[in-house]
Amino acid sequence: MTLPWITGAVAVIIAAVVLVPIFSGQAPHVAGPGGIVGRVAPVFVLQDDRGAAVSLRQYRGRVVLMNLWATWCPPCREEMPDLQRLAARERASGLVVVGVDQGESAQRARDFARALDVRYPIWIDSGQLYGRAYAALGLPTTIIVNRRGVIVRGFDGPLTYQQMQAAVGPLLTQHKAP
């Protein structure tokens, strides 16, 4: 007699565990950098490829495209010229492109960027703090931060120039934050 009652109770509990999240209106968890959209971008003090201290704090009030990369990553190499073109074209509109090398030496990153004629800032993240904070699933990973320091987009994998423009364009036309 008690077995059907217990089976029914277990079925109701399982159904509740499965169905409540679906009907509660909670957004599903998004893996990777897309899952951190809407959060304030973490600020770590790193060094640039010349040894100077740098952080996102210095770019508050500007739109930041942060690209995590490494020299061993072929797709990273392929998108860097487009990142440089975007950085040069949109600098006056308030865009800052920052390349954040993940786990390599400053000399290696600097030489690599110089060989590709990259002139946007190169930061060295030897501890891969940003890779972990942005839930990077691989490289390249690109994060777009608005003028208030909030993450508005996150991408795993390489982007085309057109995708980069589409991601930052609307932010550049918005007025600067007070």
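Each label point was placed 7 Å from the Cα along the Cα-to-Cβ direction; for ARG39 and ALA135 their separation is 0.7 nm.
Checking the a/c ratio against 1.5 first, then a/b against b/c, what shape does the Cα gyration tensor give for the stretch 38-100? Oblate is the answer for the stretch 38-100, as a/c is 1.5 or above yet b/c matches or exceeds a/b.
Our Cα-only numbers for the stretch 27-173 put the radius of gyration and Dmax at 13.8, 44 Å. Taking amide H as placed 1.01 Å from N in the peptide plane, VAL150 has its amide H under 5 Å from the amide H of ALA41, each at least 5 places away in sequence or on another chain.
Values in this text are rule-based calculations from the coordinates and carry no lab data. In this text, all values refer to a predicted model and were calculated from it rather than measured experimentally. Note that we place each Cβ from the backbone using ideal geometry, even for glycine, and neighbour counts take in every protein chain shown.
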